[in-house]
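These notes concern the structure reproduced below.
The values are calculated or read from the model by the stated rules, or taken from the named source; none is laboratory data. Since the model is a prediction, treat every value here as computed from it, not as a measurement. Glycine also receives a Cβ, built like all others from the backbone with ideal geometry; neighbour counts cover every protein chain displayed. To get the accessible areas, we keep the full protein, side chains included, count just its heavy atoms, and leave off ligands, DNA and RNA. Shrake-Rupley method; radii C 1.70, N 1.55, O 1.52, S 1.80 Å.
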Amino acid sequence: MAAPQESPDQGAYVPTPRTVPTRSRDRASYDRETVHAILDEGTVCHLGFVRDGAPVVLPTLYTRIGEHLYVHGSTGSRPLHSAVGEAGLPVCVTVTHLDALVLARSAFHHSLNYRSVVAHGTAHQVTDPAEKAAALDALVDQVVPGRSADCRPADAKELAATAVLRLELAEVSAKSRTGEPNDEPEDLALPYWSGLVPVETRYGTPAPAADPLEEVVPFAEQLAALRVQE
């Protein structure tokens with residue numbers, strides 16, 4: 001398989017029984033641009049699968065290239081061996097951004113403002129060298145844009161120890177909540193604070209590693225490129 005390219009696909013994903021929520025269906029979206037925007041802003045996903053008859057959920061790095069998610073793994077992980085070959089590994093991948101704590105006057109109406117994506121499908125381990133190299137570069141750049149061109153690429157031993165899973169974005173949906181608390185009319189006179197507590201992602205000052213270099217390699221440009229959730 002050739003190295004992955006960005007997909008120009010537009011429109012919406014087709015809802016399925018697994019992507020239609022049983023509650024708050026009005027918060028679900030199948031818009032392709034919405035799904036891509038949520039995925040592109042994140043760095044960590046949760047990869048769910050079944051191992052020995054029991055569910056397992058692992059946090060790991062991911063990236064999106066076109067209509068595929070690429071998930072970082074280890075070749076030493078027994079469950080990921082199942083992703084080799086045509087059968088692949090049935091998975092569920094989730095990404096969530098927390099935007100605000102929603103504090104209501106009643107305990108029942110406390111909530112969160114969030115944006116999330118859930119993708120179902122069968123993951124396959126990437127074996128094509130060109131596709132794997134492109135996916136690994138994209139995984140590094142997902143964390144710090146441009147970083148893959150400013151560090152030593154993986155050598156043969158490191159590549160052999162690294163697994164990359166590919167999941168097609170086909171059975172996928174986004175879900176979000178925005179807005180104020182949903183206080184009951186009879187609770188509005190109660191003497192309790194109600195409102196939003198914004199949650200933001202911020203990056204601190206980079207701390208250079210303690211190494212023998214006489215001059216510190218500049219990192220200002222890469223720091224400026226880091227995404228900050230507004």
*Only one of these is in contact with a helix residue (DSSP H, G or I) (Cβ under 9 Å, 6 or more places away or on another chain) and either surrounded by fewer than 19 Cβ atoms within 10 Å (Cβ to Cβ) or at pLDDT below 95 (or both): Val117, Val126, Val95. Name it.*
Val126
_Among (1) part of a strand (DSSP E or B); (2) farther than 26 Å from Val14 by Cβ; (3) open to solvent by 30 Å² or more (accessible area, probe 1.4 Å) - the single one Glu180 does not satisfy_ = (1)
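Return yes or no: is Tyr114 in a strand (DSSP E or B), within 15 Å of the chain's Cα centre (by Cα) and over 30 Å from Glu180 (Cα atoms)?
It is false that Tyr114 is in a strand (DSSP E or B), within 15 Å of the chain's Cα centre (by Cα) and over 30 Å from Glu180 (Cα atoms).
Sort out which residues of the range 138-170 are in a helix (DSSP H, G or I), closer than 12 Å to His72 by Cβ and not β-branched (Val, Ile, Thr), and write them in order of number.
Of the residues in the range 138-170, the ones in a helix (DSSP H, G or I) are 138-143, 147-150, 156-161.
Of the ones still in play, those that are also closer than 12 Å to His72 by Cβ are 138-140, 142-143, 161.
Of everything in the range 138-170, those that are in a helix (DSSP H, G or I), closer than 12 Å to His72 by Cβ and not β-branched (Val, Ile, Thr) turn out to be Ala138, Leu139, Gln142, Ala161.
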*Subset of the range 10-54 that is open to solvent by 30 Å² or more (accessible area, probe 1.4 Å), within 18 Å of Thr96 (Cα to Cα) and of a type in the set (A, V, I, L, M) - its residue that is nearest to the chain's Cα centre (by Cα)*: Val44
*Within the set of pairs 6 or more residues apart or between chains, which connect a residue that is open to solvent by less than 100 Å² (accessible area, probe 1.4 Å) inside the range 191-210 to a residue that is modelled with pLDDT of 95 or more and basic (Lys, Arg) with Cβ atoms less than 6 Å apart?*
Ser194/Arg105
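Could you list, in sequence order, the residues of the range 137-164 that are in contact with a Ser or Thr (Cβ under 8 Å, 6 or more places away or on another chain) and without any contact (Cβ under 8 Å) to a residue 60 or more places away in the chain?
In the first step, residues of the range 137-164 are kept if they are in contact with a Ser or Thr (Cβ under 8 Å, 6 or more places away or on another chain); the result is 137-143, 154, 160-163.
Selection gives Asp137, Val140, Ala154.
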_Considering only the range 50-57, I want to know if a residue exists there that is touching a Ser or Thr at 6+ places or on another chain (Cβ under 9 Å), in contact (Cβ under 8 Å) with a residue 60 or more places away in the chain and either part of a strand (DSSP E or B) or not aromatic (Phe, Trp, Tyr) (or both)._
no
*Checking Thr63 against (1) among the polar types (S, T, N, Q); (2) surrounded by fewer than 19 Cβ atoms within 10 Å (Cβ to Cβ); (3) within 25 Å of Pro153 (Cα to Cα), which test does it fail?*
(2)
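Arg18 - would you say it is over 25 Å from Val140 (Cβ atoms) and either in a strand (DSSP E or B) or at pLDDT 90 or above (or both)? Walk me through how you get there before you give the answer.
Details: over 25 Å from Val140 (Cβ atoms): yes; either in a strand (DSSP E or B) or at pLDDT 90 or above (or both): yes.
Judged against the criteria, Arg18 is a match.
Quick one: would you say Ser106 is farther than 18 Å from His72 by Cα and buried (at least 17 other Cβ atoms within 10 Å of the Cβ)?
On the way: farther than 18 Å from His72 by Cα: yes; buried (at least 17 other Cβ atoms within 10 Å of the Cβ): no.
No.
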